[in-house]
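Peer 1: Next up is a structure, given as structure tokens.
Read-outs throughout are calculated quantities, based only on the coordinates presented, and are distinct from any laboratory measurement. Since this is a predicted model, take the numbers as computed values, not measurements. FYI the Cβ positions are ideal-geometry reconstructions off the backbone, even for glycines, and counts take in every protein chain you see.
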Amino acid sequence: MPLLIFDDFTKVSFEKRGRLLGCDLGEKTIGLALSDVGLKIASPFQVLQRTKWREDSKALLKIFDDYLIMGIVVGLPLNMDGSEGPRCQSVRQFSQNILSLRDLPLCLWDERLSTVAVTRILLEADLSRKKRSKIIDKLAASYILQGFLDAFNWKKSI
């Protein structure tokens, strides 16, 4: 299955109940979030420490199977002007690698300012830098996935 644009993703017929997996891809970590089976709410899930693709892929396949993943939303780090920088190419390659593991719908979702928004929330909660660093990636993945779910459900309702 190719990378899908949002409108194509909303046309996917999900025949079985399952979850969407949200991914916030960093150089050293992958923040993960899961949707509920009703595709309404995103929840922070975990942070994978990136190693080699072989190990990362094993961990992702286990998550796909254990949590009935039926689609993936990957944050695309666009520049503020909407253009794509070098990190976008890395995310696109990672997404193609995921698609080589499983034939699942995968949508790239604009993640501009997701980490900034989550950081602001954590600062307001007065969390230490150390505590923030442990959870920021999975919270950013949840923020990305929730934005997608909100748009997805709005689009489905019209």
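Peer 1: In debye, nearest 20, what is the charge dipole magnitude of the range 17-104 about its Cα centre with +1 on Lys and Arg Cβ and -1 on Asp and Glu Cβ, if you could check?
Peer 2: Values: 12 positive and 10 negative charges, 44 e Å.
Computed charge dipole of the range 17-104: roughly 200 debye.
Peer 1: Sticking with this one: What pairs in LYS28/LYS155; LYS58/LYS138; LYS28/LYS62; LYS40/LYS62 have C-alpha atoms more than 29 Å from each other? Let's see the in-between values first.
Peer 2: Numbers: LYS28/LYS155 34 Å; LYS58/LYS138 19 Å; LYS28/LYS62 20 Å; LYS40/LYS62 23 Å.
Flagged as over cut-off: LYS28/LYS155.
Peer 1: Then there is this: Subtracting the Cα-Cα distance from 0.36 nm times the residue separation, let me have the gained length for ARG129 to SER90 in nm, one decimal.
Peer 2: On the way: separation 39, 0.36 × 39 = 14.04 nm, distance 2.69 nm.
Contour length minus the Cα-Cα distance gives 11.3 nm.
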